[in-house]
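The structure appears below as C-alpha cells.
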2 protein chains.
Amino acid sequence: MGTDTITLKEIVKGIKPADEKWVEKAKERTSQLLMPTRALGRLHDISEKICGICKTLKPSINRKAFLVMAGDHGVVEEGVSAYPQEVTGEMIKTFLNGGAGINILAGQVNADVFVVDMGIITDLDPVSLNGEDRLFIHKVAKGTANLSRGPAMSRKEAEQSILTGFQLATDLFKKGIDLLGTGDMGIGNTTPSAAIGTVFTGTALEEMVGRGTGVDDQGLLKKQEVIQKGIDVNRPDIKDGLDVLSKLGGFEIGGISGCILAGAYHGRPVVIDGFISTAGALVAHSLSPNVTDYLFAGHCSEETGHRAMLQYLGLEPVLDLGMRLGEGSGGALAMGIIEGAIKIFTDMLTFEQAGVSNK
Amino acid sequence: MGTDTITLKEIVKGIKPADEKWVEKAKERTSQLLMPTRALGRLHDISEKICGICKTLKPSINRKAFLVMAGDHGVVEEGVSAYPQEVTGEMIKTFLNGGAGINILAGQVNADVFVVDMGIITDLDPVSLNGEDRLFIHKVAKGTANLSRGPAMSRKEAEQSILTGFQLATDLFKKGIDLLGTGDMGIGNTTPSAAIGTVFTGTALEEMVGRGTGVDDQGLLKKQEVIQKGIDVNRPDIKDGLDVLSKLGGFEIGGISGCILAGAYHGRPVVIDGFISTAGALVAHSLSPNVTDYLFAGHCSEETGHRAMLQYLGLEPVLDLGMRLGEGSGGALAMGIIEGAIKIFTDMLTFEQAGVSNK
C-alpha cells in the first residue's frame, strides 16, 4: 500500500466515512433473519457497522490481535500514581511471558498480543515468538517530560508516535489481522489521558480525573491540580490534535491514535479499550472525525471520565463491567461479543431458508 | 446421586446457601493478582461467586451446555403473539439443524445445545447426535390451557415439569457439564412470564408486560388485559410457587425452574437468559430463595419487565445489549465473559509470581 513514507497529512486526507450503502444492505439482510425484528439489539448495530467498514455482506474475522502500546510519563515525579515507574517495564515482561490480564482475556478470544515500547524508561530487547516479532522497540524517548511544567514532548515526537502506531497497525493488517484491538501500559498514564479528555470534551476536571491505579483522596486532588497546571502552562489548541498530544500526551497515546487512524485509512475495524485508548481516539478524532465510523468502544471503564469521552465521540460501549485495568482487557472481552454479532449476521438462517412461518 | 425418584420437597430441603468461606478465600487470592485492587470489577465478583458455588479456588469449566426448554401456550388463542403457534415446533427443528440464534452464539463459546419438548403442540421424534440425545421428548401435555380462563395446568403437571427439568439438568451435570445455561422456545411465552413476573415482584402490569416477538399497541393492551384476567380468575398464591406455576405458567418455564433447582442442589453454576428464564427463576426462588446464590443473569433483556424481575432476585445482569430473542442467546454471550472471569482468577500471575513491584 506504499505507506512506508506516508505523511500524517496524507493519512488524514485518505480517511473517508464508512460506506452507508453497505450498512443499508446489511440492515435489509438482518430483517430476513430467523427472529423477531432486530431481536438481538446491539448485535445488529455492530454487524451492520462492520459491513459498512469492510464494504461486504460477508464479513469474517480470521485473525485478531492487540497492539499494546507502552510509554512512561515524566509527570509521575509529581506523585500522581500509586505505583513506581519501573512497573511499566516489569509489566511489559509479563505481557511477553503471558501472565497478565490482557494475555488471558486475549487468549480467551484467540487474539494475539503484540507489545510496543513507544518510550518507556526501561531498556528491553525485541522479542519474537515462532518467527514473529512480539515486542517492537520504537522508543520515541525514555519517557515524556513532565506535562505540568511544559510540553510532554515536541511536536515532531508527537507526529513520530502517531506514525509509528499507524505503521505497526498497517503491518498487522497486511499480515491478515482483520480485527485489531488497542491496549496500553504506562504508569501514570491516566494523568495525560484525563488532561486530553478534559480539553477535548470540555468536561470539568472533577468529573474527568479518576483514581487511576488507586491514588487516595489527597492523591486525587494532587492529580487534578497537576493537570490544571499542565493545561494552564501549555495552553493546548484543541483545533490542533498534534498540539494537544505534544503538550499533554504520552508516546503510547500517540501510538494508539496511529492505530486508530490506520484502521480508518485501511477500512478495518478497531476495538478500543478504556480510558487511555479513548484519549488516543480523541486525538485521532481531532485529526479526522471520520475515525469513529471504524471504531468500537469495547467497554465503559470505571475510571471517572471515560463515559464523557465516549459520549463526546458518539460511541456506545459494548460492555459495562466496572473494569479499569487497561492493557486492552475490555477490548478483548468485547471482541467475543463482536465476533458473535458477525456470526449471527453471516450464519443465522433466514425465515425462508429455515422454512419457518413469518408474521 | 440417587435423584431418579427424588421429590420436590427433598430437592428444596437439599438446597443450601453457597459457601461464603470460599468466597472470602477467593477474595484474598484476587487481592494478590497482578493488577490494581480489583481492577477487573465485575469479573472478580463473578469468579468469586463461582468459587463459593463450587467450593474451590481452582474452578474450571470443561464442558458447557444449554438446555432449551420448549412449550406451547393455550393463551395464544387470545391473540397475544405476533407469530402463529406452529412456529414453536418449526424453531425446534431449526435448533436441531444448527441454524438458529442459540446455535450460533452457543457455538461461539463451545457450548452444546440440548432441546426439550416440555409440551409443544407439534409431535417430533427424539434426535441424537454422535450417540448423544439432543432432543428429549418429555411432553407434559400438548400445550397449556388458556391461563386467562383458568389454571394453565394442574398442580401435578406443574410439579412434573419442574422435576423433568431437574432430572435433565442433573443428567447433564453427571455427564460433566459444569456450566449450564437455560433457554426457552414457545410462541406466546412472554405472556405467562409477565404474569409470573407481575405477581411475584408486585410490579404494575404496564411496567411488566412488553411486546414479546412484536405485538402492536393494540396487541400490547390486549396482552395486559389477558394477563389481568388470568390473575383475577386464578388468584395465584405467591407463597406457593407450584400454585403460581400451575395457574399462570408454561411447561418450559417449569422445566427452567427445575434446571435452576438442580444447579443449586448439586452446587453448579447456572446461567439464565432473559425474560422467560427469569420467570422460571422466580418460581424456583419462591421454592428456595437460596437458588440465587447459584445463578448468573446473562443479560438484561429489552423486554419491558425484565429489569424489575432481576432486581427482585438481586441479580446484576452481565450484559445489557438490548436483546430480546430468548432461546438462551444472552446466556451464551455471557458465558464468554464468565469464562474470562474464571481464567483471570486461575491463570493470572500474582505480583509475587511475576516479580512486579506492588504499591
* Output yes when any residue across the stretch B:276-288 is within 14 Å of the chain's Cα centre (by Cα), within 26 Å of A:Gly340 (Cα to Cα) and either within 14 Å of chain A (Cβ to nearest Cβ) or surrounded by fewer than 24 Cβ atoms within 10 Å (Cβ to Cβ) (or both), and no when none is. => yes
* Asked: Take the residues of the stretch A:333-359 that are at the interface with another protein chain (Cβ under 8 Å from one of its Cβ atoms) and aliphatic (A, V, I, L, M): which is farthest from B:Phe95 (Cα to Cα)?
  -> A:Leu333
* **Within the stretch B:311-332, tally of residues that are within 21 Å of B:Ala26 (Cα to Cα) and facing chain A (nearest Cβ under 9 Å)** => 1
* To do: Being away from every other protein chain (no Cβ under 14 Å), surrounded by fewer than 24 Cβ atoms within 10 Å (Cβ to Cβ) and among the basic types (Lys, Arg) narrows it down to one of B:Lys247, B:Lys239, so name that one.
  => B:Lys239
* To do: Sort out which residues of the stretch A:10-24 are assigned to a helix (DSSP H, G or I) and either surrounded by fewer than 17 Cβ atoms within 10 Å (Cβ to Cβ) or among the hydroxyl-bearing types (Ser, Thr, Tyr) (or both), and write them in order of number.
  => A:Glu10, A:Lys13, A:Gly14, A:Glu20, A:Lys21, A:Glu24
* To do: Output the number of the condition that A:Leu67 fails; it satisfies all remaining conditions of (1) more than 8 Å from every other protein chain (Cβ to nearest Cβ); (2) assigned to a helix (DSSP H, G or I); (3) within 24 Å of B:Leu43 (Cα to Cα).
  => (2)
* **Residues of the stretch A:23-47 classified as more than 15 Å from B:Leu333 (Cβ to Cβ), touching a residue at least 12 places away in the same chain (Cβ under 8 Å) and more than 7 Å from every other protein chain (Cβ to nearest Cβ), total** => 8
* Please state which of the following conditions A:Met309 fails to meet, knowing it meets all the rest: (1) crowded, with 24+ Cβ neighbours inside 10 Å; (2) in contact with a Lys or Arg (Cβ under 8 Å, 6 or more places away or on another chain). => (2)
* Asked: So which residues in the stretch B:55-78 are among the aliphatic types (A, V, I, L, M) and either closer than 21 Å to B:Leu261 by Cα or surrounded by fewer than 22 Cβ atoms within 10 Å (Cβ to Cβ) (or both)?
  -> B:Leu57, B:Ile61, B:Ala65, B:Leu67, B:Val68, B:Met69, B:Ala70
* Could we say that B:Leu135 is closer than 19 Å to B:His285 by Cβ, part of a strand (DSSP E or B) and more than 14 Å from every other protein chain (Cβ to nearest Cβ) here? -> no
* Being out of contact with any strand residue (DSSP E or B) (no Cβ under 8 Å at 6 or more places or on another chain) and within 12 Å of chain A (Cβ to nearest Cβ) is the filter here, so list the residues in the stretch B:99-121 that pass it. => B:Gly99, B:Ala100, B:Gly101, B:Ile104, B:Leu105, B:Gly107, B:Gln108
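For every residue, the table says whether it meets (1) hydrophobic (A, V, I, L, M, F, W, C); (2) assigned to a helix (DSSP H, G or I); (3) more than 27 Å from A:Asn110 (Cβ to Cβ).
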{"residue": "A:Thr37", "(1), (2), (3)": "no, no, yes"}
{"residue": "A:His44", "(1), (2), (3)": "no, yes, no"}
{"residue": "A:Gly52", "(1), (2), (3)": "no, yes, no"}
{"residue": "A:Lys58", "(1), (2), (3)": "no, no, no"}
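Bear in mind these aren't lab numbers, they're just calculated from the coordinates by the rules spelled out. All values derive from a computational prediction rather than experimental measurement. Methodologically, a virtual Cβ is constructed for each residue, glycine included, from the backbone with ideal geometry; neighbour enumeration extends over all protein chains shown.
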